[in-house]
Amino acid sequence: MKTKLKKAVKTLRKSLKKDADLYYAYQANIAMQFKDEYHRQLRNKNYDYMNCDDIHNIANAAAKSFLNLLIKK
């Protein structure tokens, strides 16, 4: 299984390096997950300002959301 996964990651890395449109699509999806999570958090809490822990929590939730979209069938 490790070899199969390594090959898949290698293929993805090569594709992202060679294909600017694919790279941009991944970039945009990651960025939008952060933006969406930021706005979701703003709706749920009344912030006067955000501290480092708030940003960290938003980034982690956004990363999880991106990965869930990536693995969704």
Which pairs do you get when a residue that is among the small types (Gly, Ala, Ser), found in the stretch 8-24, comes within reach of a residue that is surrounded by 12 or more Cβ atoms within 10 Å (Cβ to Cβ), reach meaning Cβ atoms under 7 angstrom, with the pair 6+ apart or on two chains?
Ser15/Leu22
The correct count of residues that are farther than 30 Å from Ala8 by Cα and either modelled with pLDDT of 85 or more or assigned to a helix (DSSP H, G or I) (or both) in the stretch 32-72 is 12
The number of residues in the stretch 46-63 that are more than 10 Å from Phe34 (Cβ to Cβ) and hydrophobic (A, V, I, L, M, F, W, C) is 2
Looking only at the stretch 14-46, filter to residues that are polar (S, T, N, Q) and surrounded by 15 or more Cβ atoms within 10 Å (Cβ to Cβ); which one of those is farthest from the chain's Cα centre (by Cα)?
Gln41
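The values are calculated or read from the model by the stated rules, or taken from the named source; none is laboratory data. This structure is a prediction, so every number in the text was calculated from the model and none was measured. Every residue, glycine among them, receives a Cβ derived from its backbone with ideal geometry; neighbour counts consider all protein chains shown.
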